[in-house]
Amino acid sequence: MKALAITDKGLEDISLLEIKEFLGVKGEVVDSGVIFDFKKLEDLYLLCYKGQSVFKVLNLIDNFKVKKNLIKEVKARVKKIDFSKYLGKGQKFAVRCWRRKNEISRGEVEQEVGSVIPGRVDLEKPDVRFFVFVNGLEVYFGIDVSGRDLSEREYKIFSHPHSLKGPVAYGLVRLSGWSGKKVLLNCFCKSGEIGIEAALFGNGLSVNYYQKEKMGFDFDFEKFDKKKKVKLKIHCVDSDFRSLSATKKNAKIAGVAKEVQVSKTSVGDLDVKFKKETVDCLACQVIKVEEGNQVKELFYQAEFILKGKLVILCREKDNFDSLAKVHKFKKVEERIIERGGINYKVLVYSK
């Protein structure tokens with residue numbers, strides 16, 4: 001059986017890594033997703049429950065490329081499916097659509113596809129949630145395992161104008177090479193997503209630990225809720241009191257307040273807080289104007305305190321290669337992450 005994990009464009013390899021870690025299977029990277037084999041539905045439940053990089057997991061029924069008339073071709077293709085395999089007698093269904101690189105009407109796709117599926121429609125409490133993912137001319141049709149946006153985080157109560165989505169923050173953590181045994185520093189922490197996602201990953205807790213009732217399926221959650229016995233070293237710093245307050249409160253809601261150390265520290269004072277080469281990984285986002293003005297100081301300080309990778313999420317037009325060279329860093333990776341139709345650049349530097 002095949003499944004599709006949908007993720008942000010630019011994070012497909014991170015999702016593939018998670019799938020290998022959780023399920024022990026290989027997968028194929030596609031644009032904004034990963035197709036992989038699974039043996040039982042519980043495998044998909046596990047990925048929905050613990051995955052930090054995905055926002056949809058589909059039990060994949062069909063995938064194909066359309067040529068001209070998308071709705072007509074999708075409708076014809078779906079009509080050929082034997083739905084007795086997926087819809088039990090008397091079960092109700094709903095169809096949902098998400099599109100990327102295509103301006104097709106989601107409502108029209110949902111209505112037309114639903115019209116060729118035998119059974120009763122129930123948009124409020126369906127027994128089966130069919131999902132159409134239109135990515136340009138590529139179409140993926142399957143069953144939405146959870147029925148909710150898995151990128152949403154219950155802990156994000158106290159936000160910031162430049163808060164990161166959980167999967168993006170998690171992606172930065174993984175790109176930094178951080179593990180539970182290393183020291184992670186997050187500058188410009190804003191509302192704390194990078195540190196919180198790292199803490200959840202490091203101690204093995206699910207991002208959905210406090211919202212099991214919203215997962216949309218019955219599952220032995222407790223079997224996978226064992227917290228790792230590790231002492232994490234995660235530091236979130238900022239010079240803005242509001243950011244520090246939001247980070248502390250969100251970390252408490254996420255259940256990782258003890259794992260995330262939050263302190264008021266400016267970029268220029270990092271060498272006061274940390275000794276030479278005592279930080280293994282540094283991950284941050286540089287979006288605000290004042291942060292951009294501090295990038296030079298960031299590299300200067302990183303040259304002293306850092307012994308591993310420096311990961312920066314920035315605007316697509318930004319480039320810090322010349323500055324990195326001055327401070328003895330070399331660029332090992334550059335990628336674009338697309339989120340909500342906006343492109344961000346991720347730069348990974350190493351000594």
In degrees rounded to 10, the 0-90 angle between helix 295-305 Cα long axis and the longest Cα principal axis of the chain is 70
Cross-link reach from Lys125 to lysines, straight Cα distance under 17 Å and at least 8 residues apart if same chain, gives Lys89, Lys92, Lys214
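Loop only by DSSP, 16 or fewer other Cβ within 10 Å of the Cβ. Give me the GluC sites (Glu not before Pro) in region 316-351 that pass, ordered by residue number. Please report the intermediate quantities before stating the final value.
On the way: sites: Glu316, Glu333, Glu334, Glu338; in loops: Glu316.
Of the GluC sites (Glu not before Pro), the ones in loops of region 316-351 whose Cβ has at most 16 other Cβ atoms within 10 Å are Glu316.
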Taking a straight Cα-to-Cα line shorter than 18 Å from Lys85, and setting aside same-chain lysines fewer than 8 residues away, one finds Lys2, Lys39, Lys40
For region 114-121, Karplus-derived ³J(HN,Hα) couplings (6.51, -1.76, 1.60; θ = phi - 60°; whole Hz; x for glycine and proline) come out as x, 5, 9, 9, x, x, 9, 8
Taking Cα atoms only, helix 241-254 is inclined relative to the longest principal axis of the chain by an angle, in degrees rounded to 10, of 50
Summed over the other residues with a beta carbon less than 14 angstrom from that of Glu108, with K and R at +1 and D and E at -1, the charge totals +1
So, with points 7 Å from each Cα along the Cβ direction, the Arg315-Glu103 label distance in nm works out to 2.6
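Nearest 5 is fine: what % of DSSP beta bridges in region 238-348 come out antiparallel, could you say? Walk me through the intermediate numbers first.
Numbers: 12 of 20 bridges.
Given both bridge residues lie in region 238-348, the antiparallel proportion sits at roughly 60 percent.
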Placing each pseudo-label 7 Å from Cα in the direction of the beta carbon, Lys288 and Glu154 end up separated by a distance in nanometres of 3.0
Residue separation between Arg339 and Phe241 times 0.36 nm, minus their alpha-carbon distance, gives in nm 32.5 nm
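Normalised by the number of residues in region 166-350, what is the relative contact order in percent for Cα pairs under 8 Å and 6+ residues apart? Present the calculation step by step, with values, prior to reporting the outcome.
On the way: 343 pairs, mean separation 41.9, N = 185.
Reported relative contact order: 23 percent.
Using a Förster distance of 25 angstrom, determine the FRET efficiency expected from the C-beta separation of Lys72 and Val30, and round it to 0.05. Kindly include the intermediate steps, with their values, before the conclusion.
Values: r = 24 Å, r/R0 = 0.94.
Efficiency, from the Cβ-Cβ distance: 0.60.
Between Lys325 and Glu222, what is the FRET efficiency for a Förster distance of 45 Å, r being their Cβ-Cβ separation, to the nearest 0.05? Numbers along the way, then the final one.
Working: r = 51 Å, r/R0 = 1.13.
E(calc), rounded to 0.05, equals 0.30.
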In the neighbourhood of Met1 defined by beta carbon distances under 14 Å, the net charge of the other residues (Lys, Arg +1; Asp, Glu -1) is 0
By the mean-Cβ-within-10 Å protection proxy, highest first, 119-131, 183-195, 26-38 rank as 183-195, 26-38, 119-131
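Count the DSSP beta bridges whose two residues both fall in the chain, then state the antiparallel fraction as a percent rounded to the nearest 5. Before the final figure, lay out the partial values.
Working: 44 of 72 bridges.
Roughly 60 percent of the beta bridges in the chain run antiparallel, per DSSP.
What is region 2-144 by shape, rounded, prolate or oblate, if you read a ≥ b ≥ c off the alpha carbon gyration tensor as root eigenvalues and call it rounded for a/c under 1.5, prolate for a/b larger than b/c, and oblate otherwise? If you can, show how the numbers build up before the last one.
On the way: a/c = 1.98, a/b = 1.31, b/c = 1.50.
It comes out oblate by the Cα gyration axes.
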Once Lys and Arg are counted +1 and Asp and Glu -1 for all other residues with Cβ under 10 Å from that of Leu175, the total becomes +1
Straight-line reach check, Lys345, cutoff 22 Å on alpha carbons, 8 or more apart in-chain or any other chain, hits among lysines -> Lys9, Lys101, Lys165, Lys190, Lys288, Lys296, Lys309, Lys317, Lys325, Lys328, Lys330, Lys331
The set of residues whose placed amide H lies less than 5 Å from the amide H of Arg100, leaving out same-chain residues fewer than 5 positions away, is Val134, Asn135, Gly136
Measuring from the longest principal axis of the C-alpha atoms of the chain, the long axis of helix 193-203 (C-alpha) lies at a number of degrees, nearest 10, equal to 80
Contact order relative to length for the chain, counting C-alpha pairs under 8 Å separated by 6 or more residues, stands in percent at 15
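Read the figures in this text as sums done on the coordinates, not as results from a lab. All values reported here derive from a predicted model rather than from experimental measurement. All Cβ positions, even for glycine, are placed from backbone atoms using ideal geometry, and neighbour counts span all protein chains on display.
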